[in-house]
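A.B. asks: Quick one: the structure is below, questions incoming.
Nothing in this text is a laboratory measurement; each read-out follows from the coordinates by a stated rule. Here the structure is a predicted model, which means the values were calculated and not measured. Reconstructed Cβ throughout: ideal geometry from the backbone, glycine too, with neighbour counts over all protein chains shown.
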Amino acid sequence: MNLKECFPIWDKLTSEQQNKILNSAIHRYIKKGTVVYNGLDCTGLLIIKSGQLRAYILSDEGREVTLYRLLDGDICLFSASCIMNSLQFTVNIISEKDSEVWVIPPDVYKNLMQNSIAVANYTNELMASRFSEVMWLIEQIMWKSLDKRLAAFLLEEVSLENTTSLKITHEIIANHLGSAREVVTRMLRYFQNEGIVKLNRGTVEILNLEKLKQLSV
């Protein structure tokens, strides 16, 4: 995957604008566990070439809630929040896997937004899409029980990792769901008693995908 393929509006840019992106983009290798953005600095527009990042919010008590994942070809605007004057939304981003990203400096992208209707419209669409994901998450937290959210999360992990043997701790799951580790552990033990999963140290093995799917609905 190259940088051009990540921009659906690439052909709508002038050759000068295209060159500006190509010449200013910084290529970075990020190791698993690295905090890419902490909500304080304006890092720039993140474009994921390969790997997996996690965007999350942090409560005053230190509890995390995952907002969304960033996979191959995804673009993150929140890491360049300074280009959106009315955006008052603090997000943290961490690398869940060894990743490669491009970073477009905020001043470069802001200039593109100001001089290209295509870039401005695309940015608004991208922002609207992300906020839709956040609103969906809020609805899940407010109206959906933890057992259903946990089941849906485990199914998502199976899809992402392409395996039913998930190397993940109860604490990490709790961080994703915005819950306490003890609560997640009790729920996983309930799943184990129902024959849905098997728990080992640092591993959750899915035994019954069909039951998990039924529970997630």
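A.B. asks: Which value, in debye to the nearest 20, describes the size of the charge dipole of region 86-159 about its Cα centre when Lys and Arg Cβ atoms bear +1, Asp and Glu Cβ atoms bear -1, and nothing else is charged? Can you show the working numbers first?
C.D. replies: On the way: 6 positive and 10 negative charges, 50 e Å.
I would put it at about 240 debye.
A.B. asks: Then there's this: What are the membrane-span-like helices in the chain by this rule: whole DSSP H runs, Cα extent along the axis at least 30 Å, mean Kyte-Doolittle hydropathy at least -1.0? Could the numbers behind the result be given before it?
C.D. replies: Numbers: long enough: 117-143 (39 Å, 0.46).
Helices meeting the criterion: 117-143.
A.B. asks: Something else: Where a Cα-Cα gap under 25 Å defines reach, which lysines qualify for K167, not counting those fewer than 8 residues away within the same chain?
C.D. replies: Partners within reach: K31, K32, K49, K97, K148, K198, K211, K213.
A.B. asks: Ok, one more. Return the distance in nm (one decimal) between the two label points of a simple spin-label model at K167 and Q140, each offset 7 Å from Cα along Cα→Cβ.
C.D. replies: Those two pseudo-labels are separated by 2.4 nm.
A.B. asks: Hey, of (i) 36, 17, 15; (ii) 30, 22, 16; (iii) 27, 22, 16, which did the structure itself give for semi-axes √(5λ) of the Cα gyration tensor in Å when calculated?
C.D. replies: (i)
A.B. asks: Modelled label-to-label distance, L199 and A180, 7 Å Cα→beta-carbon offset: nm?
C.D. replies: Result for the modelled spin labels: 1.5 nm.
A.B. asks: Evaluate the relative contact order of the chain (contact order divided by residue number), counting alpha-carbon pairs under 8 angstrom at least 6 apart; express in whole percent.
C.D. replies: 20
A.B. asks: Using the Cα centre of the chain as the reference point, and only Cβ charges (+1 on K/R, -1 on D/E), how large is the resulting charge dipole? Debye, rounded to the nearest 20. Intermediate results must be reported in sequence, preceding the final value.
C.D. replies: Details: 24 positive and 25 negative charges, 70 e Å.
Dipole about the Cα centre, nearest 20: 340 debye.
A.B. asks: Which of the cysteines in the chain are isolated, no other cysteine C-beta under 4.7 Å?
C.D. replies: Flagged as lacking a Cys partner: C6, C76.
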